[in-house]
1. Taking 0.36 nm per residue of separation and subtracting the Cα-Cα distance, what length does fully extending residue 155 through residue 143 add?
2. Label point 7 Å out from residue 100 along Cα-to-Cβ: which residues of segment 111-126 have amide N under 14 Å?
3. Can you list, bin by bin at 5 Å, the percent of alpha carbon pairs in segment 45-168, starting at 0?
4. Can you work out the Karplus-derived ³J(HN,Hα) for every residue in segment 29-39? Use 6.51 cos²θ - 1.76 cosθ + 1.60 with θ = phi - 60°, whole Hz, and x for glycine or proline.
5. Leaving out ligands, DNA and RNA but keeping every protein chain, what accessible area does residue 118 have, in Å² rounded to the nearest 10, with a 1.4 Å probe?
6. Summing +1 for each Lys or Arg and -1 for each Asp or Glu, what net charge is found among the other residues whose Cβ lies under 10 Å from the Cβ of residue 42?
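The values are calculated or read from the model by the stated rules, or taken from the named source; none is laboratory data. Keep in mind it's a predicted model, so treat the numbers as computed, not measured. Reconstructed Cβ throughout: ideal geometry from the backbone, glycine too, with neighbour counts over all protein chains shown. The area values use the complete protein model at the heavy-atom level, side chains included, leaving out ligands, DNA and RNA. Shrake-Rupley method; radii C 1.70, N 1.55, O 1.52, S 1.80 Å.
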Amino acid sequence: LAVLESINATAGGGEIWPVGAGGSDPCADRWPGVTCDVTGTHVTELHLYSSPRLSGTLPDISPLKKLQVLHAYNNTGLTGEIPPLSGLINLRSVNFSFTRMTGPIPSLSGLTKLEEFIVVTSRLTGSVPDLSGLTALHTFYVADNRLTGSIPPLRDLPALRMLILSAN
């Protein structure tokens, strides 16, 4: 709940969710954009796309150990770096496209279930991180950013079908 309260704090024009309203629960109360596991105890998906009030930087999301999907695309008010993803071993999909997020792509090391990483038309800098060991990765799409450097080796990526690095 603390992570969601922190995300709520980035909503400049009011709350995204009814955090703290009488001990409300994101799973039991079925907050919009929040999906939980069948037990109703762990957040598994965050869909924060096109939230006009979302602005500033996202907090540390590492406490969301069961998180599988993290989508915050089409939020031009989002700035700062993508939060660290290491340790989120269940993560399958990440999308921060059409934001104003800056800084490097975080380490993706150990995210063996990651299938897609998409950050298009943002302001990421630095180089493409090591992708080795990401055996489920089928889409790596980071076009139209400010990335530099060389492309890391692409061996040991049996599922990779789409690699788009253009306009960097």
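1. Stretched out fully, the residue 155 to residue 143 stretch lengthens by 2.2 nm.
2. 122-124
3. Going out from 0 Å in 5 Å bins, segment 45-168 shows 2, 12, 23, 25, 23, 12, 3, 1, 0 percent.
4. My calculation for segment 29-39 gives 8, 6, 4, x, x, 10, 10, 10, 6, 5, 7 Hz in order.
5. Counting only protein heavy atoms, residue 118 exposes about 30 Å² to solvent.
6. Values: positive: 65, 66; negative: 37.
So the environment of residue 42 carries a net charge of +1.
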